[in-house]
Amino acid sequence: MPSIIPPASRFYERQLFFLVGTCFCALLFDHFVVSRWKSKANPSGDDSDTSKPRNSSGDRPDSAGEFPSAALKTSYGVLSKKYLLVYAIVMGADWLQGPYIYTLYNSQYNYPSTLIAVLFLTGFLSAAIFAPLIGIYADRYGRRKLCLVFCITYAASCFLILLNWFPILMAGRVLGGFSTSILFSAFEAWVIAEIKNRFGAGLTNGSTSGRSGDLEARVLSKIMGRATLVNGLVAVLAGVVSNKLVSMMGTYGAPFIASAALLGLSWIIIKGSWGENYGLGGSGAHNNVPSLKGGLSEALGLGRLGQAWAIVKSDPILLALGLTQTCFEGSMYLFVFVWVPALQEISDSTMNLPLGYIFSSFMLCMMLGSLLYTAIVSWVSSSKSKTKQSKDTSLVLHAKLSSLVVAFAGLTLALSVKSSTERERFWAFCLFEASVGMYYPVQGMLRGLVVNEEYRATLSALFRVPLNVFVVISMLMGASEARYTVLMVCALMLVISSLITGNVIIGRSSSGEKERIGGDQ
């Protein structure tokens, strides 16, 4: 069915090739230059030198200079492979669906835009309603368990979307919103807990260099940066694969079948290789099935939710963190709805836009953003190698990066509105996607530093409630039709969020108010 995939535009092909080349050069820079900065930041020497002292565990420092012992380096390698493999698969399953949800509803099922809007709103409302409960259950009954549930429910939503009956499609959107809340809370909570368990006390027994907090912060920063890079790469591949699947099978439902298969694979890997961890110190004390014996309030975890909300209200840093997440990720979700019509109406071509090429270009820009984050953090660490870094130093650095990235994102959205040509608007959108690539590791690092382990998944999910409400309200007010107003409002909110981050997080941390919520982490 040749009409499904629009004809390619030479302009977008050239931009895609340019970005591919830029990414390749950036990866080489990361491999050969950034790795040297890391070694300068944590010098240790050659492991083969028997004259070097051993630590209390009998291990010499590893030759790469990033870890105080070969055992900890091996532990990092095992953990990063476990997490990034699963993360790549589940994000690939998510990205496969993205380009064709609207097209499936509109072009194959012939639903009007009003009913399609209802379907999307149902997904966001579902995410907003279930998010607090998901966080509570992940902390109390196990993050791994919730990740396994995600694989099942998201695969079920993929199968339901293949059935062209509106109530079934609504049920699929409810499951999709439920699953998305797990994807963006339980997985991150699991890997941060594993990092703290493996590296938080890794240097407390007479290690030869640094503090345990330094190692924990470095590992967290490294994994978060790599996760964003993997996410961008997977998104590019998913865009290409989804196009091929639609062309080969002749249906817009093909990517959803492939997505369900990937989710089944991720379930098998998580089941076989991941260990369980919990909130409440990881004791597993609540490793049981929710019961109604204590009343509906206990079954729904309302008491725990109230405690988490009290923590957020009492700490300005967490409030600023939640505001940034709402403003940035809300703008990002609204951007998904407006970028296609915004480019279409300014395009000089009468042909259909090559959305696959444009989407892949955006994802390459996101990869560049993640590589830039890694380079900045490594350079700053290298320049301060003669002074001991603490978690508070990491907090200030990432708060500054968060403020700059959010402000830059707001500027790019404003530029896209003021742009007068298709090329200007396309590159403004590319710069916004680059800021997305920097935002995710920066924000993940901040959450890892300031959020209490006991309530980690609960708070992460709680932050998503105002985010989804913001998106729902914007869509009800006609985000697609009033796209330029929406983009300018998002730009203004991002600038305000940037100023608040600078005033609250950076100001308090720099002036000595560096106490984290999880001070005993």
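The values are calculated or read from the model by the stated rules, or taken from the named source; none is laboratory data. Keep in mind that what you see is a predicted model, and the values were worked out from it rather than measured. When we count neighbours, we look across all protein chains shown, and the Cβ atoms used for this are built from the backbone with ideal geometry, even at glycine. What goes into the accessible areas is simple: the full protein's heavy atoms, side chains included, and nothing from ligands, DNA or RNA. Shrake-Rupley method; radii C 1.70, N 1.55, O 1.52, S 1.80 Å.
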> Which residue, of Ser157, Ser126, is open to solvent by less than 30 Å² (accessible area, probe 1.4 Å) and closer than 25 Å to Ala308 by Cα?
Replying inline: Ser126
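Anything in region 238-253 that is surrounded by fewer than 16 Cβ atoms within 10 Å (Cβ to Cβ) and either within 19 Å of Cys365 (Cβ to Cβ) or in contact with a Cys (Cβ under 9 Å, 6 or more places away or on another chain) (or both)? List them, or say none.
If the condition is that a residue be surrounded by fewer than 16 Cβ atoms within 10 Å (Cβ to Cβ) and either within 19 Å of Cys365 (Cβ to Cβ) or in contact with a Cys (Cβ under 9 Å, 6 or more places away or on another chain) (or both), then Val240 is the only one that fits.
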> Looking only at region 425-474, which residues are under 18 Å from Val405 (Cβ atoms) and of a type in the set (Lys, Arg)?
Replying inline: Arg447
>> Looking at region 354-377 only, could you name the residues that are open to solvent by 10 Å² or more (accessible area, probe 1.4 Å) and small (Gly, Ala, Ser)?
In response: Gly356, Ala375
> What number of residues in region 256-285 are at pLDDT below 65, assigned to a loop (DSSP other than H, G, I, E, B) and closer than 15 Å to Ala186 by Cβ?
Replying inline: 0
> Taking region 324-353 as the region of interest, how many residues are open to solvent by 10 Å² or more (accessible area, probe 1.4 Å), over 21 Å from Ile134 (Cβ atoms) and under 24 Å from the mean Cα position of the chain (by Cα)?
Replying inline: 4
> Only one of these conditions is not met by Ile473: (1) in contact (Cβ under 8 Å) with a residue 12 or more places away in the chain; (2) open to solvent by 30 Å² or more (accessible area, probe 1.4 Å). Which number is it?
Replying inline: (1)
> Taking Lys400, is it at pLDDT below 85 and open to solvent by 20 Å² or more (accessible area, probe 1.4 Å)?
Replying inline: no
> Does Gln108 satisfy being within 30 Å of the chain's Cα centre (by Cα), within 30 Å of Leu263 (Cβ to Cβ) and at pLDDT 70 or above?
Replying inline: no
> Name the pairs: first residue in region 242-255 and more than 14 Å from Phe359 (Cβ to Cβ), second residue among the aromatic types (Phe, Trp, Tyr) and in a helix (DSSP H, G or I), Cβ to Cβ under 8 Å, at least 6 apart or on different chains?
Replying inline: Tyr252/Tyr100
